[in-house]
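The values are calculated or read from the model by the stated rules, or taken from the named source; none is laboratory data. Given the structure is predicted, the values throughout are model-derived calculations rather than measurements. A quick note on method: Cβ atoms are made from the backbone with ideal geometry, for glycine too, and the neighbour counts reach across all protein chains shown.
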Ligand code: SAM
Ligand code: SF4
Ligand code: SF4
C-alpha cells in the first residue's frame, strides 16, 4: 500500500528526530538567549523509546518509505544510538531491500561514534559545518565549539566508510559568506560533498529576515566563478539539493534553496519528532500524535492505517506559498520536529 497525498506525492523519506536536545546553540536554530539553562526540554517519558521508533519506522516502510534520516536536536547526544541504528538497519522494504539509512549531526561526537555507527549498519552521514574559521564557526554554533573537532569527526566518518560524507553549510548574509569559497576548496580537497543551505524561516526564535538569505544563484556564481561548474541531473525525484558538477572533475556541490526555489511539488518527506508527532511539512503548524497510537494498544495494522490516512490528507506546500500570508502563522521549531 503506497498512499499518495492530495497533490499526488508518494511518501518516500522519513526523518526521525531522536531527541530535542543539543550541545550546540546555533544562532539560526536554538539561539542561546531563548534556549538557556532553564529551557524545558522534553521529559524522558514523552520521548519515543527505541522500540517505539522501530515500530513506527516499520509502519512507514510498509507505506513506501525507503530513506530514513536520523536527526534531532543533536542525534549523537541520545544514549546508545548505535543500538537503534542496528534495529533500523535490519528493516527491509516490502520487496526485500535494505533502507537508505543516514544521519545528520553537528559532528561534535562523531570522532568517537563514527566506527560504532558504521558497525551498526549506518550507511552514510551528513555533517553540519558553517565555516572553517573558528571565530565565525564559534559565533554561529553559540558555544565556541572548535572547527578542528568537527573535522576529526569528518575524518572518522570517511575512515569508517560512511560515504559519501555530505556537509551542510547554512549561509547567512554578512555572517559566513566569506567562508563559502574556503569551504568549497576544502570539500574538493577532502572528497566530501558540500551543500549550501539557504537560511530558512523555520520556527520563530531565530528572528529570520529575508535580507539575510544569500540566494542560491549568488552562491552558484560565487563558487563557479572560481571553479567552473555545470548543473547535474537530480539523482531521484524529490532530491532536495540542486547538484552542480565541477568541470575539472573534482566532485560536485549542492544547493538547498527552499527559499528562492521551492521544491514542494516533489516533496515526498515526513518528519517524526522526538515526542512522536508526525509533521508532513517542515513548516507545519501542528503535528499528528503518533505516540498516542503507539501507546494506546493499537495493532501494527491500525498504526499503518492511521499513518496512511494522515498522508492521504496532506496538502502542504509552504515554500511555494511563502510569499502569501502563511508566513505569519505560528510554526514549530526545527530542532523540535527534526530538521
Ligand atoms: N543537530 C544536527 C545538525 O545540526 O546537523 C541535526 C539537526 S539540525 C536541525 C539539521 C540541519 O538543519 C542542520 O544542517 C542545520 O544547519 C539546519 N538548520 C537549522 N536551522 C536552520 C535554518 N534556520 N535554516 C536553514 N537550515 C537550518
Ligand atoms: Fe543543534 Fe543542529 Fe540546531 Fe545547531 S542546527 S542548534 S547543532 S540542532
Ligand atoms: Fe516539503 Fe513543506 Fe518544504 Fe514544501 S515547504 S518542500 S511541502 S517540507
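One residue stands out in the stretch 126-149 among those that are outside any helix (DSSP H, G or I) and closer than 21 Å to residue 70 by Cα: the one that is farthest from ligand 1 (Cβ to nearest atom), namely 129. Among the conditions (1) crowded, with 16+ Cβ neighbours inside 10 Å; (2) within 16 Å of ligand 1 (Cβ to nearest atom); (3) outside any strand (DSSP E or B), the only one that residue 65 does not satisfy is (2). Once the stretch 255-267 is narrowed to residues that are touching a strand residue (DSSP E or B) at 6+ places or on another chain (Cβ under 6 Å) and surrounded by fewer than 21 Cβ atoms within 10 Å (Cβ to Cβ), the residue that is modelled with the lowest pLDDT is 259. Restricted to the stretch 287-298, and to residues there that are touching a strand residue (DSSP E or B) at 6+ places or on another chain (Cβ under 8 Å) and more than 16 Å from ligand 1 (Cβ to nearest atom), the residue that is farthest from residue 7 (Cα to Cα) is 291. Taking residue 104, is it under 16 Å from the mean Cα position of the chain (by Cα), more than 24 Å from residue 303 (Cα to Cα) and either within 16 Å of ligand 3 (Cβ to nearest atom) or surrounded by fewer than 18 Cβ atoms within 10 Å (Cβ to Cβ) (or both)? The answer is yes for residue 104.
Of everything listed in (1) away from ligand 2 (no atom under 14 Å from the Cβ); (2) part of a helix (DSSP H, G or I), the single unmet condition for residue 163 is (2).
Hey, could you check the stretch 11-20 for residues that are more than 12 Å from ligand 1 (Cβ to nearest atom) and in a loop (DSSP other than H, G, I, E, B) and say which is nearest to the chain's Cα centre (by Cα)? So, considering only residues that are more than 12 Å from ligand 1 (Cβ to nearest atom) and in a loop (DSSP other than H, G, I, E, B), the one nearest to the chain's Cα centre (by Cα) is 12.
Of the numbered criteria (1) in contact with a helix residue (DSSP H, G or I) (Cβ under 6 Å, 6 or more places away or on another chain); (2) more than 16 Å from ligand 1 (Cβ to nearest atom); (3) at pLDDT below 90, the one residue 235 fails is (1).
Pairs please, first residue from the stretch 21-42 and closer than 17 Å to residue 200 by Cβ and assigned to a loop (DSSP other than H, G, I, E, B), second anywhere and within 16 Å of ligand 3 (Cβ to nearest atom) and at pLDDT 95 or above, Cβ atoms under 6 Å, 6+ apart in sequence or on different chains. Here the result reads 28/170, each pair linking the stretch 21-42 to a residue that is within 16 Å of ligand 3 (Cβ to nearest atom) and at pLDDT 95 or above.
Any residue that is assigned to a loop (DSSP other than H, G, I, E, B), within 15 Å of ligand 2 (Cβ to nearest atom) and either at pLDDT below 95 or more than 20 Å from residue 138 (Cβ to Cβ) (or both) - is there at least one of those in the stretch 191-199? Yes, the stretch 191-199 contains at least one residue that is assigned to a loop (DSSP other than H, G, I, E, B), within 15 Å of ligand 2 (Cβ to nearest atom) and either at pLDDT below 95 or more than 20 Å from residue 138 (Cβ to Cβ) (or both). Of all residues in the stretch 104-130, those that are on the phi < 0 side of the Ramachandran plot have Cβ atoms under 8 Å from Cβ atoms of residues that are within 16 Å of ligand 3 (Cβ to nearest atom) and modelled with pLDDT under 95, 6 or more apart or on another chain, in 104/339.
Here residue 184 fulfils each of the conditions (1) within 14 Å of ligand 1 (Cβ to nearest atom); (2) modelled with pLDDT of 95 or more; (3) surrounded by 21 or more Cβ atoms within 10 Å (Cβ to Cβ); (4) more than 19 Å from residue 30 (Cβ to Cβ) apart from (1).
Yes or no: residue 284 assigned to a loop (DSSP other than H, G, I, E, B) and either buried (at least 19 other Cβ atoms within 10 Å of the Cβ) or at pLDDT 95 or above (or both)? The answer is yes for residue 284.
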